[in-house]
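*Asks:* Dumping the structure here so I can ask a few things about it.
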Amino acid sequence: MALVGRSWLLLVGFILFYVIYLLFGALIFSTIERPMEDKLRHDMEVLKKEFLNQSCVSAASLENFLLKVLAANKYGVFVIRNTSATSNWDLASSMFFANTLVTTVGYGHSTPLSDTGKAFSIFYALLGVPFTMLVLTACVQRLLYPLVLAPVTLLQRSGLEPRPATAVHFVLLLFLVVLCFFVVPAAIFTRLEESWSFLDGIYFCFISLCTIGLGDFVPGMQPEQKYRTLYLGAVMVYLFLGLMMMYLLLRTFHKMSDVHGLTTMLQLPRCEDSDQDEDREPIVDHGESPQRQTEKGASNHLEPGSQVSYNTINRG
């Protein structure tokens, strides 16, 4: 009974902290962005008055024109470069849109214009989103052994205790992910996108790989961009690999929490509750002969679901 009460208290604590975190973010964003918005609003009012004073266009006509321009801009049609811009719905752009749809990144830089397109997007995402998650999960499962289990085993064999070994491995994996999927791509985007700074590149990578997809920065949208089709294809590959590595990083953190006892302390489900029996076995059983270990390892590769789990690491 006490365990159930503690679990509910933790849940209430998490919810309260979540609400407080949202309020904190709202206050910070409002403090930073509100003055910029007010300045931009004032500048637009001044620009509008100057334009009306220098032309014979009425305020009502101007506002009607601007409303239509903004409505077109919402669907990715830009008046200032519409004559030279490529279509938002050519094959490469459409595939890029489909990729952002099923990965739930959803930049919103282009959206379906027709009711038919909107209806198809619903059914397409209904099948595509879970299938994409399935493919990502299958890929991560294949990467768990070479990128997680094997390195932790090597660290343990080098003399580290299980808990330090998992912590060191997580820090190293985090460093590699940040370097290969944030810093290096940001530098590349900075070179390919003329108006992007390095911070803009980092911001885009983070917003994309966290599937936030605000849409204020979208690659390949410059007019007359060279090799645009190849560029968009490379971005799609980057998004898939990046999401896969983010998922792997989350799985690794969850498994490390199991080893350190954090999931038990916070009354959270273990990463592999189904492997409770296997969880009590060490990766290397020193009590078995080398021949027996070889035979056991060979049989593990033949039997589905019998491969070594991260939870087999002793907690020490």
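No value in this document is a laboratory result; all are computed from the given coordinates. Bear in mind the structure is a predicted one, so any value in this text is a computation, not a measurement. Using ideal geometry, Cβ is built from the backbone for each residue, glycine included, and neighbour counts are taken over all protein chains shown.
*Asks:* For Lys68, go through the lysines and keep the ones whose alpha-carbon is under 27 Å away, minus same-chain ones fewer than eight residues off.
*Replies:* Excluding near neighbours in sequence, the set is Lys39, Lys48, Lys49, Lys118.
*Asks:* What ranking do 193-206, 33-46 get when scored by the average of other Cβ atoms within 10 Å per residue, highest first?
*Replies:* Sorting 193-206, 33-46 by mean packing, highest first, produces 193-206, 33-46.
*Asks:* Suppose R0 equals 35 Å. What FRET efficiency, 1/(1 + (r/R0)^6) with r the Cβ-Cβ distance, do Val19 and Cys180 give to the nearest 0.05? The partial results should precede the final answer.
*Replies:* Numbers: r = 35 Å, r/R0 = 1.01.
The formula returns an efficiency of 0.50 here.
*Asks:* Beyond 20 Å, how much of the Cα-Cα pair distribution for the range 87-267 remains, as a whole percent?
*Replies:* 61 percent
*Asks:* Check which residues have an amide H placed less than 5 Å from Gly106's amide H, if you skip close sequence neighbours.
*Replies:* Correct list: Leu101.
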